[in-house]
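These notes concern the structure reproduced below.
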Amino acid sequence: MSGLLVAGTTSDAGKSVVTTGLCRAFARRGVKVAPYKAQNMSNNSMVVSTSSTTGEGSTTGTGGTTAEIGRAQWVQALAARVTPEPAMNPVLLKPGSDRRSHVVLMGHPAGEVSSHDWEAGRRHLATAAHAAYDDLASRFDVIVAEGAGSPAEINLRAGDYVNMGLARHAGLPTVVVGDIDRGGVFAAMYGTLALLEPEDQALISGFVINKFRGDAGLLKPGLDSLESLTERRVFGVLPWEPSLWLDSEDALDLEGRRAEAGATRKVAVVRLPRISNFTDVDALGLEPDLDVVFASSPADVADADLVVLPGTRSTISDLAWLRSRGLDVALIEHVRRGRPLLGICGGFQMLGGVIADPDGVEGSVAEVEGLGLLDVRTDFAPAKNLRLPTGSALGVEASGYEIHHGRITRGDGVTEFLGGAQAGNVFGTMWHGSLEGDALRGAFLGATLGREPSSVSFPAARERRLDLIGDLVEEHLDVDALLDLATAGRAASAGEGIR
């Protein structure tokens, strides 16, 4: 098998960036490359069509079938210039509480896993994940696999199938990424290697340092010492790049979406505790006159020109949180003053009347009243809807994706809007990603804020970001050596242990 595992010293060390950049760099060389992550823990996901792959899915509404994967692997597939598919992220865990997660296996719901049976409850997931990797490896020249968290989480090693468990399964040479901006990167890299079992150490081929800023000459003595102590090479140092961000896996970088100075309109996105698919607002963050901020108190939304109530993994619980902080009153006052409010998926459901969950899909609360801003009723059903809908709104074509258990019933007081409802200055949609469409975003901002469409193209901006990541990797990492490593196995200079 030809492949490479990109591990990290911590979560958010830069694994996704390096994986994405290598996918683009390898693709530029004519390599048929695929991204892979055995298991994501994320509420940011994407619906993909499976009609051109071997998987089976739910009906799209357009004649095909669909499945759900992590958003990061979807973007990495775009970087690799290949079609995203479930095998690229066979296991997706969506946190339901601090101790329990909902499982999406090969794109479809597959029960739950809890902290008390973390190892035993995931054995079948490991089997499925490794089978998905083997399938990809049979169809692609190279697999760039992204690890999760850190391979040195030795308390979880026995059940690991994402980091060194995967590396052992497929004989993958492994590169460890460390974030120097956090400090202590040399200790983190050396310590990661030192904590591993000898068989795992033998698969560690080297290191990549991420987010360096300053004089590279000051870093060289540390790189030389690390290479001498570990007998592994440093494949390169990626610089700090403030304009670099990707569709994220989690909420660690929610604050990284502020506009440049000079923005004249404020968009407040309510930061729900179980926020999901917050990438829905990324396109708004590219508009030059909009400052997108995340709000968690009434004061945060008091001066907003537009408020967005985003998706959530737990609509009823997050609605209770909203009320406990007085945000329900603030949103109603915002609408009363004639200012626009947009709810997306779970956020839209909160804007309606009754929210019923008779089967306990989300929890033990069977029924609650929504904010009453839209004449809509929501009934949760056990089966999840996964769709890639297309249509029109506000006089332009639109598209998006649906991931939800809620079934919507519109009353007489609203009109249809992107699978949802509209009444006056209150908009609700079940379609994630609709604002990524330039025409729809321009029409929506014109209808709500009275502004002319800008020249911003979100698809073009995403492609520029992917090219930027590829450029950084090409310039600052030894891509040829990493490709040789992926296709030929471990680097010849890699040692068996550490000094």
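The values are calculated or read from the model by the stated rules, or taken from the named source; none is laboratory data. Keep in mind that what you see is a predicted model, and the values were worked out from it rather than measured. Glycine gets a Cβ as well: all are built from the backbone with ideal geometry, and neighbour counts include every protein chain shown. For accessibility, only protein heavy atoms count, side chains too; no ligands or nucleic acids. Shrake-Rupley method; radii C 1.70, N 1.55, O 1.52, S 1.80 Å.
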Scanning the range 362-376 for residues that are of a type in the set (A, V, I, L, M) and either open to solvent by 30 Å² or more (accessible area, probe 1.4 Å) or over 22 Å from Leu341 (Cα atoms) (or both) gives Val365, Ala366, Val368, Leu373
Has the range 87-94 got at least one residue that is modelled with pLDDT of 90 or more and of a type in the set (Lys, Arg)?
no
Scan the range 282-325 for residues that are farther than 28 Å from Arg465 by Cβ, among the small types (Gly, Ala, Ser) and touching a residue at least 60 places away in the same chain (Cβ under 8 Å) and jot them down.
Ser314
Can you name the number of the only condition in (1) in contact with a strand residue (DSSP E or B) (Cβ under 7 Å, 6 or more places away or on another chain); (2) without any contact (Cβ under 8 Å) to a residue 60 or more places away in the chain; (3) outside any strand (DSSP E or B); (4) closer than 17 Å to Asp12 by Cα that Leu219 fails?
(4)
Pick from the range 289-298, criterion over 10 Å from Gly326 (Cβ atoms) and either more than 24 Å from the chain's Cα centre (by Cα) or among the aliphatic types (A, V, I, L, M) (or both), ranking: surrounded by the fewest Cβ atoms within 10 Å (Cβ to Cβ)
Asp289
Scanning the range 180-222 for residues that are over 27 Å from Leu166 (Cβ atoms) and among the hydrophobic types (A, V, I, L, M, F, W, C), the one modelled with the lowest pLDDT turns out to be Ala216
State all residues of the range 377-390 that are in contact with a Lys or Arg (Cβ under 9 Å, 6 or more places away or on another chain) and open to solvent by less than 10 Å² (accessible area, probe 1.4 Å); if no residue qualifies, say none.
Thr378
Return the residues of the range 345-384 that are closer than 15 Å to Leu418 by Cα and in a strand (DSSP E or B); say none if nothing qualifies.
Val376
Just to verify a result, which residue in the range 445-462, among those that are touching a helix residue (DSSP H, G or I) at 6+ places or on another chain (Cβ under 8 Å) and without any contact (Cβ under 8 Å) to a residue 60 or more places away in the chain, is farthest from Arg387 (Cα to Cα)?
Glu452
Would a scan of the range 167-178 turn up a residue that is open to solvent by 10 Å² or more (accessible area, probe 1.4 Å) and in contact with a Lys or Arg (Cβ under 8 Å, 6 or more places away or on another chain)?
no
Pairs, please: C-beta under 9 Å, at least 6 apart or cross-chain, first residue acidic (Asp, Glu) and in the range 189-205, second open to solvent by 20 Å² or more (accessible area, probe 1.4 Å)?
Glu197/Ile154; Glu197/Arg157; Glu199/Arg168; Asp200/Arg157; Asp200/Arg168
Would you check if there is a residue in the range 395-403 being more than 23 Å from Val335 (Cβ to Cβ), open to solvent by 20 Å² or more (accessible area, probe 1.4 Å), polar (S, T, N, Q) and assigned to a strand (DSSP E or B)?
yes
